[in-house]
Each structure stands twice: as structure tokens, then as C-alpha cells.
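Down below is the structure, laid out as C-alpha cells.
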Amino acid sequence: MSIIRFNALQEALKRKPVLVNQTEKRSTLFGQNVFNKHAMQQYLTRTAFESVMNAIEHGTRIDRKIADQVAVSMKDWALSKGATHYTHWFQPLTGATAEKHDAFFESINGSLAMEKFDGEQLVQQEPDASSFPSGGIRNTFEARGFTAWDPTSPAFIYERTLCIPTIFVAYTGEALDNKTPLLKALQAIDTHATAVCKYFDKNINKVNATLGWEQEFFLIDDALAISRPDIQLTGRTLLGHSSAKGQQLDDHYFGIIPARAMSFMRDLEEECMLLGIPVKTRHNEVAPNQFEVAPIFEEVNLAVDHNSLLMDVMHKVAKRHSFKVLFHEKPFASINGSAKHNNWSLSLDNGTNLLSPGKTPMKNLQFLTFFVNTIKAVYENEELLRASIVSASNDYRLGSNEAPPAIISVFIGSQLSEVLDELENVTKGKLSPKEKTDLKLNIIGKIPEILLDNTDINRTSPFAFTGNKFEFRAVGSSANCAGPMTVLNTIVAKQLKEFKVDVDALIDNNNLKKDEAVFNVLREYH
């Protein structure tokens, strides 16, 4: 054993857990460093607050004069929290986040100074974009790029810097980031899902896509990581023999979290609460030194931002605890790698889950409509969905014993398989009163109100229905959720658009009622 590795081992043995103050309730910490709705109500004028909320809820444009008011209020709030700088926080195509800090400070006539932040600085900035990857859509010598404020994701303070979530686009308008195409996809799913929902309730005006991610990761001692150049450079081991302790017994899965790892997680959770990241679950994962944290589900755009922010925070908190966090999908040979399961669903603005069966036949028909259309979208666009999770490290993991295969498939469980099989036998065209009654009572009406999670959990389905959501299990732990979420929401929006065309055609040309037309189109799709 080399002297360097011996010293690293000695240092690791001396390491003690870093304890943090856990006396304050999580609920009181939550969102303290976020310019959320509560903070905006305190600092914004009524007109400015209503303008921002309309932008968030209805996508309306914020007037530049209102932006000036928001900027001043945001600056005052940030200064009250001890912030000294601000930055447009964005997600370029590098797999990481990016930021350029500017101070609120501005001199006056060389002898005085003031804190300044106006609407122009809030709404748009111009970072040098020449060194960011662009997927070949532009020349790298065209350096101009623009970040533009995304009001649907609240600003936050981290390490005395006001961070403003933004999109990042080229001078000629092409997207240079992950957020821009995601926002377009979410707008599309809202438009077309809302149009379909009006078959069942004319008062529905908005549909939100939701996401609950599960972040898996490895924790290793920082001193040991420093002694391994392969881990430092690539995030995984390239040389050496198999681990002395592998997964022979799997005794660590859901076992007691080691004290030092628990100290890290408590510190991490406290940071998450301040930043408004609703982390709720923590546990040991399957592999030694592997763990998972997971939040309560949120609207997709916010959830994606929170996951990217969490990964940044994890690296910084790990350093305080003398750990190194590994997000590589397969950091060690012969033991399980890490994923980031994406739990996706659709919900109304009142919180109703469109992928959860209801108490009435009509609500269950609505459930089946979105359920079947999602499956059809995945079936017809599985290549795109597969491409959205491709990376060298994730492809090394997929299909390697512990992970779902690289071939995209959908698993829905036996109960719903039987329902769809019965739906296929419904007569095409107008339904007789008896058929309509039988359909509603025997098929649509018998969908259980609460579905058991009877999906195949043995990692064989990369896209599975798990009761009230679809779980995309093939996403890699180091990935930005925006990629798979952009593709999934786009293909489902496209499918819902086509579904409405087919239903409207039956209503107009065959003089069918809405529910009969929906029945017939779902039958044809199956």
C-alpha cells in the first residue's frame, strides 16, 4: 500500500461526524431563503404581486415598469437576508448549473456608493455564451447569449447570493439550456391536456405536469477519494479488484443509516428546507455507501430546478463533512449503480390527479383517457424517450443486473390490463342503453378507487404505472431531469392533440355523444 493511501486511511479512521443544530422544526425553516408567494406579499405592491402571479399562473408578460418594482422589492428582501450579490442562475448543456455573480454595489461620482438592482438587471443579462455547448446549432465565435428571468421558479438566496432562475438562449433565439425546451413542453401539455379535460368538466382551465424525483448517490470519504485519481477525474473506479464487501447479503438496504452519513443528511436537509426543496425521505440504498433522498412531488419546472440545486448543495455540504458525493451511474464494478427515478403525473390546478381513478364512472373514464394516451405516446415514441436518458455512464448501468433494460417498455399491472382487455370488446359506434350501462358499471365503474402498487418492482420495467403516476426508472443519477421531462411531456401533448382530433371527428361526423366518442377512440387505441 502506498504512503499516500495509508495516510488517507488513517485520516478516514480519525474522522468524526459533524453535528448540526436540529432544534428548529423543518416547517419553520422551509422556504426562509426563497422569494416565494409569502415573501412577495410582504415586499411587493398589490399591482406588482398580481402581475407576477398572473405570469406564473397564466403565462402573461410582466411589464418593464412592474419589473422595476419587483427588482427593488427583491433587492430589499435579499439585503435583509444578508445577500451582497445577485446572479442569473441557469442550466446550460454542460450537465451542471452556471452563474455569474454581480454585486448590488454601485459607485456614485467616485466618492459615494449605493446598492442598486433594477428591472433591466432582473429581466435580462448577457453572459459570454461562446464556450457553452450548443449541440451544433450555432457557431462558437458568436459569443452573445442571453439569460432571461423565469418568474415561474422563485428566486432564492444561497451563500449570500440572490439566485434568479433563468432561461439561456442565443442571440438568434436558439435554446442553449435545458429549461427553455422544458417550458415549451410544459406549455404544450397544459394546452392539450386542458382541451381534453373539457370533455369531462368545462370549468377546467389549467393542467400541470408534476414530478417527484428520487436522487440516489454514493458517499465516500474525501481523503480516500483524493488518493484515487480515477475517481477524481472520472467519478468512478477504473483500476483495482472487486470490493471486499459487495452485495452478498444486501443487509445494508433500508438498514440503519451510519452516524456520519446521518450527520451529512441532516445538514443537507436543513439547507434544503431553507431553499424550499421539500425533501422528505432518506434511506440506505442497495449498494454499500449508497443512499437516496426524495422530495414531495412538485410542478415539473420547479422540481427540475430543485433537483439541479440539490446536486449543487450536496457537493458543498459533503465538503463540510469531509465526504465526496458520486453521482456517476456506475462508480464501482460488481455492485449496483445509481438512478434518478422520475415519478410523473398530471394534475389540475385544484390538485386533482388525472392519473388517479375517481369515485364515479365519468371520473374513471377521464382517468382511462390520460392513462391510455400516455401509454400510446410512449409506445409510438420510445426511441425519443430512450434518447432522452442516454449517456455513456447510464448506458453502462442500464440492463446490468440491477437496472431496467435499455429497451423502453410499459408495465401497468394485472388489474388495469384486464380493464383494457374488456374495453377492447366494446362495440364500435353508437352504444345501446344496455351497453352503455354495462360499460359504465362493469368496466369503467369497477376500476378500484385506490389502486394497489401491483407493478413489477424487480427493475424489469423502465416505465411503470405505480398507482397514480408513471415511474420512469431508467433516468441516470447524474442527469438533469429536464431532458426526459421535456420529451415525455412533448410526446404526451402531441398524443392528446391527436386524440382530441379523433374524438371531435366522431362527434361531428357520426353524431356521437362525448362519452361514446371517447369510448370508441380509446377502444381503437388499445
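Values in this text are rule-based calculations from the coordinates and carry no lab data. The structure displayed is predicted, hence computed values, not measured ones. Glycine also receives a Cβ, built like all others from the backbone with ideal geometry; neighbour counts cover every protein chain displayed.
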- Task: Please list the non-local residues whose amide H lies under 5 Å from the amide H of residue 283, H modeled 1.01 Å from N, same-chain partners needing a gap of 5 or more.
- Result: 292
- Task: Give the peptides 277-288, 349-360 in descending order of average Cβ contacts within 10 Å, highest first.
- Result: 277-288, 349-360
- Short version: ³J(HN,Hα) in whole Hz for each residue of segment 184-196, in order, from phi by Karplus 6.51 cos²θ - 1.76 cosθ + 1.60 (θ = phi - 60°), x for Gly and Pro, what are they? 5, 5, 5, 5, 5, 5, 4, 4, 7, 5, 5, 4, 5
- Once amide H atoms are placed 1.01 Å from N in the peptide plane, what residues at a sequence separation of 5 or more from residue 158, or on another chain, have their amide H within under 5 Å of its amide H? 163
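For segment 139-202, what's the relative contact order in percent, using C-alpha pairs closer than 8 Å and at least 6 residues apart?
Working: 52 pairs, mean separation 14.6, N = 64.
With pairs under 8 Å counted, the relative contact order is 23 percent.
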- Of the cross-linked pairs 81/316; 206/359; 179/202; 37/359; 280/316; 25/100, which ones have a Cα-Cα span greater than 24 Å in the structure shown? 179/202; 37/359; 25/100
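Note down the Stokes-Einstein diffusion coefficient of segment 31-176 in µm²/s, whole number, using a Kirkwood radius over alpha carbon pairs, 25 °C, and 0.890 mPa s. Don't skip to the end; give the middle numbers.
Details: Rh = 16.1 Å.
Approximately 152 µm²/s, per Stokes-Einstein.
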- Computed ³J(HN,Hα) along segment 460-465: with the Karplus parameters 6.51/-1.76/1.60, θ = phi - 60°, integer Hz and x for glycine or proline, the list is 8, 10, x, 9, 10, 7
- Task: Starting with the fewest neighbours, write out 396, 199 ranked by other beta-carbon atoms found within 10 Å of each beta-carbon.
- Result: 396, 199
- Note on the structure: Given backbone amide H placed at 1.01 Å from N, residues whose amide H is under 5 Å from that of residue 204, ignoring those fewer than 5 places away on the same chain, are none
- Applying the Karplus parametrisation 6.51 cos²θ - 1.76 cosθ + 1.60 with θ = phi - 60° to the phi angles of segment 377-394, what ³J(HN,Hα) value in whole Hz is obtained for each residue in order, glycine and proline being reported as x? 4, 5, 4, 8, 10, 4, 5, 5, 5, 5, 5, 6, 10, 6, 7, 4, 6, 6
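Net charge near residue 182, counting Lys/Arg +1 and Asp/Glu -1 over other residues with Cβ under 14 Å of its Cβ? Don't jump to the answer; show the numbers that get you there.
Numbers: positive: 179, 184; negative: 150, 177, 190, 298, 299, 305.
Surrounding charge for residue 182 is -4.
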